[in-house]
Amino acid sequence: MMHLRTLLLSALLLWDLAAGASSGSDGVQLDVLHHVTNAYYLDFTPLGKLELPRILIDPEGVHVFPSTTAALRDGRFIPAEWAEEGAPSGGGGEEAESARAGFFGESRAGGPETVEVTHVGKLARRDGLPVYLDLSLTRHGVFMLLAAALLLGIFLPLAARYRAGIGRESAPRGPWQNLWETFIVFIRDEVARPNLGEEHYRRYLPYLLTAFFFILFCNLLGLVPFGATATGNITVTAVLASFTFIITQVAGTRDYWRHIFWMPGVPVALRPILTVVEFIGLFTKPFALAIRLFANMTAGHVAIVCILGLIFIFGGMSPALGYAVAPFSVAVTLGVYGLELLVALLQAYIFTILSAVFIAGALEEHHHEEETH
Amino acid sequence: MDASALAYLAAGIGAGLAAIGAGIGIGRIGGSAVEGAARQPEAVGQIRQLFILGAALIEGVALFGIVVALLLTLLK
């Protein structure tokens with residue numbers, strides 16, 4: 001199934017790149033990557049777009065703007081691409097000035113919906129001063145915070161119930177508590193306990209549960225209409241994987257480090273080679289963890305956009321063809337969407353179980369007497 | 001053929017090869033898992049967990065290939 005998804009991704013992405021290039025002339029443009037990458041606005045397309053606040057820290061202090069438009073109107077900031085194109089910094093940036101004027105002229109001509117503004121990425125100072133820190137909210141950031149808020153909102157009251165004894169001394173009460181207990185018990189009994197062992201699992205269970213539910217919520221929020229998948233952002237998954245990395249290294253026993261730097265039971269001449277291999281392996285494991293989650297979440301969304309995009313590609317050739325393709329496109333999208341629901345759960349589970357396996361590997365105590373093969 | 005055309009070609013071939021590798025790997029695991037489950041239906045739970053774990057690890061390798069392919073297509 002995952003293999004199928006990989007195929008789908010590669011086939012459809014390339015198909016779309018080819019189609020996008022050919023359909024550019026008749027005005028049908030489908031920017032697939034734009035739908036899955038991060039941006040500085042929330043997309044409620046039939047209803048409009050909501051620009052997100054811009055927060056920039058530069059030598060002059062902290063600048064907070066309610067939207068990208070406000071930040072550009074302020075005049076001190078321009079899109080970073082323009083700054084890179086090299087408006088003469090000494091001459092007051094005349095090119096940038098004219099470009100800015102044209103920018104707002106275009107957006108006004110295009111109606112109240114400022115299509116161009118939403119395509120603006122990072123901002124830079126017009127006068128060439130550096131921007132130290134860009135804390136602007138992005139849509140992935142918004143949905144990540146939403147997932148975190150949901151996590152707190154659901155599990156803090158639940159924890160209070162368990163502390164009061166409901167579910168511990170008596171059976172869990174109500175469908176709400178039963179629902180979440182199913183997941184929690186599953187992670188405890190199927191993931192943490194068999195991998196980490198009876199004496200260690202309690203220590204790492206909180207992390208595993210947090211990672212599982214956070215990833216699950218991020219994944220599922222991406223499937224909600226108007227939603228964005230925070231786990232479809234490589235930085236989010238990289239930070240999650242680095243948590244696993246740090247916990248694994250902190251949990252590492254003497255045996256774990258010895259097996260990395262001076263593998264016992266191996267001819268001495270081979271040991272330096274194994275040290276290099278093991279040392280690289282230290283980083284590839286969390287790297288694969290990050291890439292796997294990111295690629296799986298992005299791939300599904302790209303597949304959905306591509307299949308729906310077929311309607312517009314064929315519609316661009318002739319309207320009748322577009323109508324003919326639409327039912328098939330929608331049906332296949334529905335199927336992929338169902339698959340996505342499964343994958344959302346599966347990837348959260350895989351991240352959690354692999355984290356447990358990596359941590360367990362670091363905890364393992366070896367008996368070297370038996371290992372002199 | 002210019003450099004970007006070669007990059008697209010390399011991306012296509014690379015993605016295909018990665019998918020072939022993952023297909024063979026996951027196919028072998030899947031086959032063995034079904035055989036194992038048929039012989040010992042009571043161990044299905046454990047077999048499923050091992051299957052998902054192995055499939056995830058193989059998929060990770062394939063995804064490395066896909067990421068490299070994607071980077072090639074983004075090459076201008």
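General remarks:
- Checklist (1) surrounded by 14 or more Cβ atoms within 10 Å (Cβ to Cβ); (2) more than 16 Å from residue A:362 (Cβ to Cβ); (3) more than 14 Å from chain B (Cβ to nearest Cβ) applied to residue A:270, failing item: (1)
- With respect to being hydroxyl-bearing (Ser, Thr, Tyr) and modelled with pLDDT of 85 or more, residue A:118 falls outside the description.
- Yes/no for residue A:256 being at pLDDT 90 or above, more than 30 Å from residue A:147 (Cβ to Cβ) and not hydrophobic (A, V, I, L, M, F, W, C): no
- Within the stretch A:1-82, strands (runs of 3 or more DSSP E) holding 1 or more residues that are over 24 Å from the mean Cα position of the chain (by Cα) and modelled with pLDDT of 80 or more: A:54-58, A:61-65, A:77-79
- Restricting A:358, A:328, A:287 to those that are aromatic (Phe, Trp, Tyr) and within 11 Å of another protein chain (Cβ to nearest Cβ) reduces the list to A:287.
- Among the residues of the stretch B:1-23, those that are within 11 Å of another protein chain (Cβ to nearest Cβ), among the aliphatic types (A, V, I, L, M) and touching a residue at least 12 places away in the same chain (Cβ under 8 Å) comprise B:11, B:15, B:17, B:18, B:19, B:22.
- The lone criterion from (1) within 30 Å of residue A:192 (Cβ to Cβ); (2) within 10 Å of chain A (Cβ to nearest Cβ) left unmet by residue B:51 is number (2).
- Within the stretch B:54-76, if we keep just the residues that are more than 10 Å from every other protein chain (Cβ to nearest Cβ) and within 16 Å of the chain's Cα centre (by Cα), the residue that is nearest to residue A:294 (Cα to Cα) turns out to be B:68.
- Filtering the stretch A:200-230 to residues that are surrounded by fewer than 17 Cβ atoms within 10 Å (Cβ to Cβ) and without any contact (Cβ under 8 Å) to a residue 60 or more places away in the chain leaves A:202, A:203, A:206, A:210, A:224, A:225.
- Each residue in the stretch A:242-287 was checked for being outside any helix (DSSP H, G or I) and without any contact (Cβ under 8 Å) to a residue 60 or more places away in the chain, and 4 of them qualify.
- Taking (1) without any contact (Cβ under 8 Å) to a residue 60 or more places away in the chain; (2) under 30 Å from residue A:188 (Cα atoms); (3) surrounded by 19 or more Cβ atoms within 10 Å (Cβ to Cβ) in turn, residue A:304 satisfies each apart from (2).
- Within the stretch A:334-347, residues that are of a type in the set (D, E, K, R) reach partners that are surrounded by 15 or more Cβ atoms within 10 Å (Cβ to Cβ) and in a helix (DSSP H, G or I) with beta carbons closer than 6 Å, at six or more positions or on different chains, in the pairs A:340/A:300.
- Conditions (1) facing another protein chain (nearest Cβ under 10 Å); (2) buried (at least 17 other Cβ atoms within 10 Å of the Cβ); (3) small (Gly, Ala, Ser); (4) free of Cβ contacts under 8 Å to residues at least 40 places away in the same chain: number failed by residue B:33: (1)
- Selection status of residue B:26, within 9 Å of chain A (Cβ to nearest Cβ), crowded, with 16+ Cβ neighbours inside 10 Å and part of a helix (DSSP H, G or I): yes
- Yes/no for residue A:188 being under 19 Å from residue A:352 (Cβ atoms) and without any contact (Cβ under 8 Å) to a residue 40 or more places away in the chain: yes
The values are calculated or read from the model by the stated rules, or taken from the named source; none is laboratory data. Model, not experiment: these values are computed from the prediction. Virtual Cβ from ideal backbone geometry, glycine too; neighbours counted across all protein chains shown.
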